[in-house]
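Here's the structure, in structure tokens; my notes come after.
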Amino acid sequence: MKLGARIFKTGVAIVIALFVAELLQLPNPVFAGIAAIFAIQPSIYRSYLSVLEQIQGNLIGAITAVSFVLLFGHQTITVGLAAVIIIVIMLKLGLEKSVSLALVTMIAIMEIKGDAFLSFALLRFSTIVLGVLSAFIVNLLFLPPKYETKLFQSIHQAQDEIIRWTRLAGRQASEHIATKKSLDMLKERLIQVDVLYSLFKEERSYFKKNTRTKARKLVVYRQMVVTSRSSYDVLKRLHHFENELIDLPQHFRLMIQERLDTLLTAHEQLHLKFIGKLKSDINRVSSKDDYIQRHDVMNIFVKEIAIASEEEEFSSYHLLHILSSILNYEEQLEHLDKLIILFNKHHDNELNTELVDEIY
């Protein structure tokens, strides 16, 4: 089990909520701790949205609880009926995530008995709001998430794995079951990359300059994800058609292997180029000097396929699946290369040193 920042922040939020509640001498400070647990979120923006939803949910829970107690008293069946009403209202308002805390607020208020019911109800409501606010402050100030670093790390590490397995698969050197397991693992990693991209996208910038920079970064990162998925697709097809690859003439296998090595090396260098460890004009994917042009390569493949098909040496159907995925991968690499060059052109002196230190 990995102990992440969110686990520590939950503990800190509970401590702060309980401490402040006791300092203010609020009755039953435990409700502040419970509220803090519900309010912890993975990002500052989501925490802000959560605070708004939780406060709305608490208001609905408190108003409903007070109304039911004043109208029907403290009977047990009244508590259940109030819970149903709160859930219906919350669902209608699209506040599903705050239902649990609203019900906690409702029960905390409805279990109060005595003449000072309204004043105690207000204190209970304030205690729970205190817990929500404590969680927000902790999210804001304590170990703020660095989702850009996590996102690049996740993309970089997943791509390293894809590149290693693709090189093995292109040489028909990978073991079938091991490759299948790695494909499943890589699929999960790419899903995690999408989650991190969403979290990074949700982060808000407070200065106009930072907003423009982040907008450009989002475009580059989005293309990084798309390119990694296209490389994953190449690996998946190499694995799926591994038996057909073995049956190909040797010169075909060598052509595919050489082309893959060229593209995989280019992909590795693009990550270096993005963080400023490689000059923007070095080893461009679409460079005529460094790489064979895509159209020339495809023309060679088409001619060879036509000749081999006439001689009935092999079926070209499965080979076309592999070639189409390689072609798509190369196009995505070219697009990523252009985006990185444009980004570095606008932000040449804004190298993210923290990103570099954490990766390399």
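The values are calculated or read from the model by the stated rules, or taken from the named source; none is laboratory data. Everything quoted here is computed from the prediction, not taken from an experiment. We place every Cβ from the backbone using ideal geometry, glycine too, and count neighbours over all the protein chains shown. Remember, those area values only see protein heavy atoms, side chains included, never the ligands or the DNA or RNA. Shrake-Rupley method; radii C 1.70, N 1.55, O 1.52, S 1.80 Å.
In summary, helices (runs of 4 or more DSSP H) completely within the range 1-93 and bearing 3 or more residues that are without any contact (Cβ under 8 Å) to a residue 40 or more places away in the chain occur at 5-23, 44-72, 76-92.
Just a yes or no: is a residue in the range 243-262 open to solvent by less than 50 Å² (accessible area, probe 1.4 Å), under 30 Å from SER154 (Cα atoms), charged (D, E, K, R) and at pLDDT 60 or above? Scanning the range 243-262, I find at least one residue that is open to solvent by less than 50 Å² (accessible area, probe 1.4 Å), under 30 Å from SER154 (Cα atoms), charged (D, E, K, R) and at pLDDT 60 or above, so the answer is yes. Of the residues making up the range 100-115, those that are open to solvent by 50 Å² or more (accessible area, probe 1.4 Å) and closer than 18 Å to ILE86 by Cβ are SER100, ILE107, GLU111. Summed over the range 157-185, residues that are surrounded by 21 or more Cβ atoms within 10 Å (Cβ to Cβ) and within 19 Å of the chain's Cα centre (by Cα) total 3. All conditions but one from (1) assigned to a helix (DSSP H, G or I); (2) under 20 Å from GLU330 (Cα atoms); (3) modelled with pLDDT under 85; (4) not polar (S, T, N, Q) apply to ARG212; the one that does not is (2). Filtering PHE19, PHE72, PHE31 for residues that are over 37 Å from the mean Cα position of the chain (by Cα) and on the phi < 0 side of the Ramachandran plot leaves a single hit, PHE72. Among the residues of this structure, ALA13 does not count as one that is surrounded by 21 or more Cβ atoms within 10 Å (Cβ to Cβ) and under 12 Å from ILE128 (Cα atoms). As for the range 41-51, it holds at least one residue that is modelled with pLDDT of 80 or more, within 19 Å of VAL132 (Cα to Cα) and either under 30 Å from the mean Cα position of the chain (by Cα) or aliphatic (A, V, I, L, M) (or both). All of (1) among the hydrophobic types (A, V, I, L, M, F, W, C); (2) crowded, with 19+ Cβ neighbours inside 10 Å; (3) modelled with pLDDT of 80 or more hold for LEU93 with one exception: (2).
Conditions tested, residue by residue: (1) open to solvent by 20 Å² or more (accessible area, probe 1.4 Å); (2) closer than 18 Å to PHE125 by Cβ.
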| residue | (1), (2) |
| --- | --- |
| TYR48 | yes, no |
| VAL51 | no, yes |
| GLN56 | yes, yes |
| GLY61 | no, yes |
| VAL66 | yes, yes |
| LEU70 | yes, yes |
| GLY80 | yes, no |
| ILE89 | yes, yes |
| LYS97 | yes, no |
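One residue alone among PHE142, PHE200, PHE152 is open to solvent by less than 50 Å² (accessible area, probe 1.4 Å), touching a residue at least 60 places away in the same chain (Cβ under 8 Å) and among the aromatic types (Phe, Trp, Tyr), and that residue is PHE152.
Here LYS273 meets each of (1) modelled with pLDDT under 90; (2) open to solvent by 20 Å² or more (accessible area, probe 1.4 Å); (3) of a type outside the set (A, V, I, L, M) with one exception, condition (2). Remark: HIS267 matches the filter, which requires a residue to be touching a residue at least 24 places away in the same chain (Cβ under 8 Å) and surrounded by 20 or more Cβ atoms within 10 Å (Cβ to Cβ).
With respect to the conditions (1) open to solvent by less than 70 Å² (accessible area, probe 1.4 Å); (2) under 19 Å from LEU196 (Cα atoms), ARG6 falls short on a single one, namely (1). Using the structure shown, decide if LEU118 is part of a helix (DSSP H, G or I) and surrounded by 16 or more Cβ atoms within 10 Å (Cβ to Cβ). Spelling it out, it is not the case that LEU118 is part of a helix (DSSP H, G or I) and surrounded by 16 or more Cβ atoms within 10 Å (Cβ to Cβ).
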